[in-house]
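Throughout, read-outs are computed from the coordinates displayed, never taken from laboratory work. Worth saying up front: this structure is predicted, and the values here are computed from it rather than measured. Cβ sites come from the backbone with ideal geometry, for glycine too, and all protein chains shown count toward neighbours.
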Amino acid sequence: MNRDWHEAHPIPPKATRRQRVEWHLAHSQACGCRPPPPSLLPEIRDLERQRLLAVEGGAIR
Ligand SMILES: [Zn+2]
């Protein structure tokens, strides 16, 4: 478990669904001590794909 990451990224107590999706995406890349809830998986994958496309599309130059 990546304790430093967890200390730097607490889950907000009243996180919106979008915030939870973003948290789990970052968590899966930084730590992965537990899998994301299956109900959020499709949205996490969508967000990940959007970020990849943004980079490939030349948003960062
Ligand atoms: Zn973790």
Practice prompt. Two decimals is fine: what is log10 I(q)/I(0) at q = 0.27, 0.29 Å⁻¹ for the chain, from a Debye sum with one equal scatterer on every Cα and no solvent?
Written response: -1.14, -1.20
Worksheet item: Efficiency by 1/(1 + (r/R0)^6): what FRET value for Ser28 and Arg3, r their Cβ-Cβ distance, R0 = 25 Å, to the nearest 0.05?
Response: 0.95
Worksheet item: Quick one: if the Förster radius is 30 Å, what FRET efficiency do Glu56 and Lys14 give, using the C-beta to C-beta distance and rounding to 0.05?
Response: 0.30
